[in-house]
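The next block holds one structure in the form of structure tokens; read it before the comments.
The values are calculated or read from the model by the stated rules, or taken from the named source; none is laboratory data. What you see is a predicted model; the values in this text were computed from it and never measured. Methodologically, a virtual Cβ is constructed for each residue, glycine included, from the backbone with ideal geometry; neighbour enumeration extends over all protein chains shown. Side chains included, ligands, DNA and RNA excluded: accessible areas come from the protein's heavy atoms. Shrake-Rupley method; radii C 1.70, N 1.55, O 1.52, S 1.80 Å.
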Amino acid sequence: MKIAVIIPFFQRSRGLLAAAVTSIAAQQVAAGTEIEIIIVDDGSPVAATSEAMPRLPSHCSLRIVEQANGGVAAARNAGLDAVAAGSRYVAFLDSDDVWLDCHLAEGLDALRAGADLYFDNTDNCDGTDQLRSASLLRARHGRLDPDAPVAGTIEGRAAFDAILSEHMPQTSQVIYDFHHHAAARFEVSLRLASEDYLFWLCLANRSRRLAYHTGIMGRRGRGVSLYRSTLSWDSPSGIARVVDQISMRRMVAERFSLDRQQVKRVDDEIVELCEHVIFLALRNSFRHPRTILAELRRLTGLYPAFWRRVPSAIIGLPVVRARLMQG
């Protein structure tokens with residue numbers, strides 16, 4: 001059995017990649033499991049080839065694919081295009097994250113049992129973990145404690161709704177059946193946000209079963225993150241991130257057959273995100289005027305109804321600001 005692990009690489013600090021690869025080599029997988037590590041150097045300031053790699057066990061191999069900077073979605077797609085024939089499963093690991101040694105074993109067991117898509121929990125290294133507050137899992141299992149983990153499955157169409165309701169999977173903790181989803185690729189137009197969210201929805205939409213495990217199986221790092229760099233209200237790319245988030249939801253509405261509740265959920269999220277855009281546009285109109293105008297033009301093309309939201313959003317700016325502070 002062969003699994004490919006894809007690492008998109010764009011970092012400014014040395015040593016992060018070696019730690020990620022070391023955590024892959026330490027995975028306690030069953031005999032006969034082959035692990036192919038595919039590193040995609042996306043025009044990284046620190047070249048992947050300059051990193052000192054650990055000695056790999058015989059069941060692991062490593063390849064480096066180099067390309068001009070195209071963003072994380074393009075890097076992951078290049079990795080998917082490079083997956084060797086015969087690879088049954090694919091996993092992702094961000095270059096500043098690491099796995100605990102049983103991540104692959106747990107995921108592969110779940111996939112061999114009939115799931116098409118698997119994810120588990122990760123330590124966010126800030127006192128939180130990815131799944132503790134997941135409302136769907138809490139409704140199923142009660143209070144979630146990573147020290148007393150639970151596992152489960154979600155069948156068919158409900159798996160799509162589960163991910164649409166909450167963006168539960170964190171990219172570094174996902175493994176999926178590549179044979180079943182060989183054609184799936186990330187949306188390269190989403191450069192700053194939501195490219196992973198849309199990809200999980202694409203997989204879930206075609207999956208017979210989703211499996212999850214709430215135990216901590218990875219740790220997130222603090223390397224380069226385009227998404228985190230845009231979270232400040234004064235970031236020049238902040239508004240572009242939110243426009244990407246709106247664009248992704250427009251794609252969901254266009255590409256998937258949604259029921260009435262799902263349509264309302266997506267529409268409500270778009271309205272909130274439009275209010276966020278208006279807040280950021282007004283706050284940064286003097287700091288980043290060209291960026292603001294360019295993103296407002298892009299948003300108008302994506303969602304012409306945006307301008308109908310402006311008057312009420314301006315009136316409600318104190319409420320919008322309070323909501324954003326809570327978020």
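What length, rounded to one decimal in nm, is gained on full extension from His59 through to Ser232, with 0.36 nm per residue of separation minus their alpha-carbon distance?
Here the answer is 58.0 nm.
How many percent of DSSP beta bridges within the chain run antiparallel, rounded to 5?
Here the share of antiparallel DSSP bridges comes out near 35 percent.
Collect residues whose amide H, placed 1.01 Å from N in the peptide plane, falls under 5 Å from the amide H of Gly218; neighbours closer than 5 in sequence don't count.
For Gly218, the qualifying residues are Leu100, Asp123.
Is any helix in the chain, taking whole DSSP H runs, at least 30 angstrom long along its axis by alpha carbon and on average at least -1.0 on the Kyte-Doolittle scale, and which ones?
260-283
Can you give me the relative contact order of the chain as a percent, contacts being Cα pairs under 8 Å and 6 or more apart?
With pairs under 8 Å counted, the relative contact order is 18 percent.
Tell me whether the stretch 261-309 comes out rounded, prolate or oblate; compute the Cα gyration tensor, take square roots of the eigenvalues as a ≥ b ≥ c, and use a/c under 1.5 as the rounded threshold.
Note, shape of the stretch 261-309 comes out prolate.
Which whole-Hz ³J(HN,Hα) couplings does the stretch 305-314 yield from phi under the Karplus relation 6.51 cos²θ - 1.76 cosθ + 1.60, θ = phi - 60°, glycine and proline marked x?
After applying 6.51 cos²θ - 1.76 cosθ + 1.60, I find 6, 3, 5, 5, 7, 5, x, 5, 5, 5 Hz.
Of the candidates Leu293, Leu93, Leu198, which one comes out as most mobile in a Gaussian network treatment of the chain with C-alpha springs shorter than 10 Å?
So, out of Leu293, Leu93, Leu198, the one fluctuating most is Leu293.
Leaving ligands, DNA and RNA out of it, work out the accessible area of Ile3 with a 1.4 Å probe and give it in Å² to the nearest 10.
Approximately 0 Å² for this residue.
Quick one: order Leu273, Leu210 from most to least accessible surface, probe 1.4 Å.
The residues order as Leu273, Leu210, largest area first.
Are there any trypsin sites (Lys or Arg not before Pro) in the stretch 237-303 that are in a DSSP loop and have at most 12 other Cβ atoms within 10 Å? List them by number.
Those satisfying the criteria are Arg287.
Around Asn124, with a cut-off of 11 angstrom between Cβ atoms, what is the net charge of the other residues, counting Lys and Arg +1 and Asp and Glu -1?
Around Asn124, the surrounding residues sum to 0.
If ligands, DNA and RNA are left out, what is the accessible area of Met217 with a 1.4 Å probe, given in Å² to the nearest 10?
Roughly 10 Å² of Met217 is accessible to a 1.4 Å probe.
Please give the contour-minus-distance gain from Arg88 to Arg222: 0.36 nm per residue of separation, less the Cα-Cα distance, rounded to one decimal in nm.
45.2 nm
Roughly how many Å² is the accessible area per residue of the stretch 119-162, as a whole number, for a 1.4 Å probe?
Value returned for the stretch 119-162: 51 Å² of accessible area per residue.
Let me make sure I get this right: for the stretch 178-268, a, b and c are the square roots of the gyration tensor eigenvalues over alpha carbons, sorted descending. Under 1.5 in a/c it's rounded, otherwise prolate if a/b > b/c, else oblate. Which is it?
Cα axes put the stretch 178-268 in the oblate bin.
Find the centroid of the Cα atoms in the stretch 256-299 and in the stretch 181-220, then give the distance between the two in whole Å.
Comparing the Cα centres of the stretch 256-299 and the stretch 181-220, I get a distance of 23 Å.
From the square roots a ≥ b ≥ c of the eigenvalues of the alpha-carbon gyration tensor of the chain, which class results: rounded (a/c under 1.5), prolate (a/b over b/c), or oblate?
The shape class here is prolate.
Restricting to DSSP H runs of at least four residues, report the calculated mean residue ellipticity at 222 nm for the chain, -39500 (n - 2.57) per run over all residues, nearest 500 deg cm²/dmol.
-12500 deg cm²/dmol
Would you please name the trypsin sites (Lys or Arg not before Pro) within the stretch 117-218 that are DSSP coil residues with at most 11 other C-beta atoms within 10 Å of their C-beta?
Of the trypsin sites (Lys or Arg not before Pro), the ones in loops of the stretch 117-218 whose Cβ has at most 11 other Cβ atoms within 10 Å are Arg143.
Please state, to two decimals, what the Cα-based radius of gyration of the stretch 209-315 comes to when divided by 2.2 N^0.38 Å (N = residues).
1.27
Given a 1.4 Å probe and every protein chain left where it sits, what share in percent of the accessible area of the stretch 176-265 is carbon and sulfur?
Carbon and sulfur atoms account for 48 percent of the accessible area of the stretch 176-265.
Find how much the distance from Arg12 to Arg185 grows on full extension, using 0.36 nm per residue of separation minus their present alpha carbon separation; answer in nm with one decimal.
Once the chain is fully extended between Arg12 and Arg185, it gains 59.6 nm.
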